[in-house]
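Any read-out appearing in this document is the output of simple, stated calculations on the displayed coordinates, not a laboratory observation. Just so it is clear, the model here is predicted, and its values are computed rather than measured. Neighbour counts run over all protein chains shown; Cβ positions are idealised from the backbone, glycine included.
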Amino acid sequence: MTATLRERAYSVSTVASPSFELRVLPRAAASDSGPRYCLALYQHMPRTGDSADAPLRHVVTLSGAALQVALDQVLEALRRTGQRATVLSPERRDPIALGEEAGVRLGLLFLAIKPLSKVARMEAIAASIRSMPGEEAYYWFSKCARQKGRGSALRALRVLLADE
């Protein structure tokens, strides 16, 4: 019997061939009590052949209240890839490698909650994405991460998950 996508993605302590990178970007101290950094997610876009030289595509950058809502899932993804929570600091310059499913889930979460202002709605979406089966997360990420039709796919996802 084969392991599910989620089990395979999180069963290793380190990421052998990262599909995504999480970068910590420092930001000026703001009036809110949130983190003094933003998180930017990048995806390796594989070419035919070796994926080591795959170009990076910026997926989304998250900050403020949306980042605070997503932080527990970010920390969970880091723990499952063998990273400590302390890697998230404004002084960090090296990217953090993430496996495919962790990157897909974080990308979907970041894209879905970034433009929202209601924290309760962000939390409802975050909880729904956390409990979403792997195949469904991949489906929605493929719809929401593309350039053409992104807006309508994200609206549909938000309505489905937050019922507003």
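One table, with the values for the structure above:
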item: Highest-first arrangement of 129-136, 93-100, where packing means the average Cβ count within 10 Å; result: 93-100, 129-136
item: Phi to ³J(HN,Hα) by Karplus 6.51 cos²θ - 1.76 cosθ + 1.60 over region 96-107, Hz, x for Gly, Pro; result: 9, 6, 10, x, 5, 5, 4, x, 5, 5, 5, x
